[in-house]
Amino acid sequence: MNHWEFYLLLVPMFVIIFVFKYVPMYGVQIAFKDFKASLGIMGSPWSDPLMKHFMKFFNSYNFSRLVINTFLLSFETLIFSFPLPIILALMLNQVPNKKFQRTVQTVVYAPHFISVMVLAGMLHIFLSPYGGLVNLVINMFGGESIYFLGDAKWFRPVYIISGIWQDTGWGTIIYLATLSGVNVELYEAATVDGANKLQRIWHIDVPALLPTIIILFIMNFGNLMSVGFEKAYLLQTDLNKGASDIIATYVYEQGVLKTQYSFSTAVGLFNTVINIVLLVTVNQISKRVGDVSLW
Amino acid sequence: MEAKKLAAKAKVKPISASDKAFDIANYVLLAFVLFITAYPLYYVLIASVSDPFKVYAGQTMIRPVGFSWGGYERIFQDPMITRGYLNSIVYTTLGSFVSVVLTCVSGYALSKKTLPGRRWIMLFLLFTMYFNGGLIPTYLTVRDVGMFNTIWALIIPNAISVYNLIIARTFFESNIAESLTEAASIDGSSNIGTMVRIVMPLSTPIIAVMVVFYAVGLWNNWFDALIYTTKSDMAPLQLVLRSILIKSQASSDMMMGMDANYAEKQKVTEMIKFASIVVASVPMLIIYPFVQKYFSKGIMIGAVKG
């Protein structure tokens, strides 16, 4: 069979991925150099010592703060958010009325299509101590207004709860698709044996979902240190930086705003390496324990 | 399917008390989820057509008060917002077109199990999901290829999402029979001709899903514009929203405490906040229900298993 046409079709994709994904990987060497724009990536001299920028980061007072903030933000997000789509999917799957099921699905998918910018904007408005919806409700019940985004201790709850609102519905898709593949005869047999709905969920649906759950958990755990930059950055105020300063916002600050190219790249590379180590470790463990692997 | 059969069964057999209790609890909980999800959106909608002072006094929790289109009128008079809207439409249309064509075409080529080197090409792609050069090296690359301050910086670097590519490939693998394309090539059609005339017309579901995924990503993107463009007349809507929604809110929260007349002065800004959220979100909220039925058919499963 003649394959050249298929290779031809792949050329544009190959060029784009190569230029915009692999060339920057080559550019990562500036983490070990003192990058000067006039000399370019190749021409800039190697740092002395080679790990200068990494040492600067490890020794800065920001280091432990950033690592802890990044870890806590994503760890708490994982713990609180991960189970919810599974539960919602199991519930939706049990709805006998298809029309109601479709309606709920359409509505809970909606927040996923709202931009991070709009979500952050809504949070700024809703959480405002002056006439924000959330504080209006708190006042209605006799409570005092809270300046949520002006207080570091509220940053993570706001980030996590808004994330649950935005992504839980979308997260059900993969589980619902898996559930729709469950053999009907299993339900029928269980019903004949006198199993009620809760028992059918526990003994049929949950085991059917388990491989998907494990794979998604590995992927999420492997991404533990790669918190998205956008939302944290947009919810950041001068007053909540104690919790909202994470590695990703620091990379942006140092790199784009302060043009410390080499230093910012070193911090980013440190983060990427941690991610890969985490992912490989978690995958290795699950391979040994549960015989499930990404690769 | 199975739910239908179960429902049919349920009609024959009396439903047990515990199952009935389960159903009721399930409906109540789902109704609660429905409310929690929809109410913030509904609140924004009614606030956008209400008097801002009534909104901040908490009088618009159920229905609009002091009805007016003022916020929307101001939005369409604001040159920054209209410009941003136009920019976003151009970036989204052009970007989706480029991305969908590239993704479907490469996805189809990679669905050919007999293609020599297919495994290596997949590895080449998958590797980029786990390792990347990071912010600054990517920024330098985009600058070095001369895309800085051009529309291409917002379209080409992220034109191909590996995740979407795998979804497309999985679709072609499981929905386009080898025998079909082989028959076409025996009839003298070239591979590319077969793809254009036979495969793609059979693949409208995946094309529709790809259009929605890419369009949403492009429409909602602001970060690329923030770092790759410096001209204010290139700003997409989402970036214009940043100054309306985020910067002004953070400063007004602080100013309110100090200046008693601040609220009065801010009235115009407040009026357009809610309306701008609606205007920015409605296009994407309208399109996804059209492809929703394909989401649950397992289209996305392939991407998870790589």
Exercise. Give me the pairs: first residue in region B:66-82 and under 17 Å from B:Ser281 (Cβ atoms) and at pLDDT below 90, second residue assigned to a loop (DSSP other than H, G, I, E, B) and of a type in the set (D, E, K, R), beta-carbon distance under 6 Å, and six or more apart or on different chains, which are they?
Worked result: none
Seminar exercise, completed: Taking region A:1-15 and keeping residues under 13 Å from B:Ile121 (Cβ atoms), hydrophobic (A, V, I, L, M, F, W, C) and at the interface with chain B (Cβ under 7 Å from one of its Cβ atoms) leaves A:Phe6, A:Leu9, A:Leu10, A:Met13
Exercise. Being more than 9 Å from chain B (Cβ to nearest Cβ), out of contact with any Leu (no Cβ under 6 Å at 6 or more places or on another chain), part of a helix (DSSP H, G or I) and more than 30 Å from A:Val95 (Cα to Cα), is that true of even one residue in region A:257-265?
Worked result: yes
For this session: Would you tally the residues in region B:25-70 being assigned to a helix (DSSP H, G or I), among the small types (Gly, Ala, Ser) and either more than 9 Å from chain A (Cβ to nearest Cβ) or surrounded by 13 or more Cβ atoms within 10 Å (Cβ to Cβ) (or both)?
Result: 5
Seminar exercise, completed: Within region A:146-172, of all residues that are assigned to a helix (DSSP H, G or I) and without any contact (Cβ under 8 Å) to a residue 40 or more places away in the chain, the one farthest from the other protein chains (Cβ to nearest Cβ) is A:Pro157
Seminar exercise, completed: Picking from A:Ala89, A:Ala37, A:Ala31, the residue that is within 11 Å of another protein chain (Cβ to nearest Cβ), among the small types (Gly, Ala, Ser) and under 21 Å from the mean Cα position of the chain (by Cα) would be A:Ala89
For this session: Check B:Ser296 against each of (1) more than 8 Å from every other protein chain (Cβ to nearest Cβ); (2) farther than 20 Å from B:Tyr42 by Cβ; (3) modelled with pLDDT under 95; (4) crowded, with 17+ Cβ neighbours inside 10 Å and name the one condition it does not meet.
Result: (1)
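Would you check which residues across region B:132-158 are part of a loop (DSSP other than H, G, I, E, B), under 11 Å from B:Gly95 (Cα atoms) and of a type in the set (A, V, I, L, M) and list them?
Passing the criteria: B:Ile155, B:Ile156.
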Problem set entry | Subset of region A:1-46 [buried (at least 17 other Cβ atoms within 10 Å of the Cβ), in contact with a Ser or Thr (Cβ under 7 Å, 6 or more places away or on another chain) and outside any helix (DSSP H, G or I)] | A:Lys33, A:Phe35
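Are any residues in region A:90-108 touching a residue at least 60 places away in the same chain (Cβ under 8 Å), over 12 Å from B:Val33 (Cα atoms) and assigned to a helix (DSSP H, G or I), and if so, which ones? Spell out the reasoning first.
Initially, region A:90-108 is screened for residues touching a residue at least 60 places away in the same chain (Cβ under 8 Å), giving A:90, A:92-94, A:105, A:107-108.
Add one more test, that the residue is over 12 Å from B:Val33 (Cα atoms), and what stays is A:90, A:93-94.
A:Leu90, A:Asn93, listed by residue number.
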For this session: Kindly indicate whether any position in region A:70-89 is closer than 26 Å to B:Ala225 by Cβ, touching a residue at least 40 places away in the same chain (Cβ under 8 Å) and outside any helix (DSSP H, G or I).
Result: no
Problem set entry | All positions within region A:198-232 that are of a type outside the set (Ser, Thr, Tyr), in a helix (DSSP H, G or I) and modelled with pLDDT under 90 | A:Pro211, A:Ile214, A:Ile215, A:Leu216, A:Phe217, A:Ile218, A:Met219, A:Asn220, A:Phe221, A:Gly222, A:Phe229
Exercise. Before we move on, is B:Gly95 assigned to a helix (DSSP H, G or I) and either away from chain A (no Cβ under 11 Å) or surrounded by fewer than 19 Cβ atoms within 10 Å (Cβ to Cβ) (or both)?
Worked result: yes
For this session: Tell me which residues, restricted to region A:249-280, are of a type in the set (Ser, Thr, Tyr) and exposed (fewer than 13 other Cβ atoms within 10 Å of the Cβ).
Result: A:Thr259
Seminar exercise, completed: Conditions (1) surrounded by fewer than 17 Cβ atoms within 10 Å (Cβ to Cβ); (2) facing chain A (nearest Cβ under 9 Å) -> B:Val105 fails only (1)
Exercise. Going by the structure shown, is A:Asp205 over 30 Å from A:Thr70 (Cβ atoms), in contact with a helix residue (DSSP H, G or I) (Cβ under 7 Å, 6 or more places away or on another chain) and acidic (Asp, Glu)?
Worked result: yes
Exercise. Just checking, which of B:Met284, B:Met258, B:Met271 is aliphatic (A, V, I, L, M) and at pLDDT below 75?
Worked result: B:Met258
Seminar exercise, completed: Conditions (1) within 11 Å of chain B (Cβ to nearest Cβ); (2) more than 19 Å from A:Phe82 (Cβ to Cβ) -> A:Arg288 fails only (1)
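The values are calculated or read from the model by the stated rules, or taken from the named source; none is laboratory data. This structure is a prediction, so every number in the text was calculated from the model and none was measured. Using ideal geometry, Cβ is built from the backbone for each residue, glycine included, and neighbour counts are taken over all protein chains shown.
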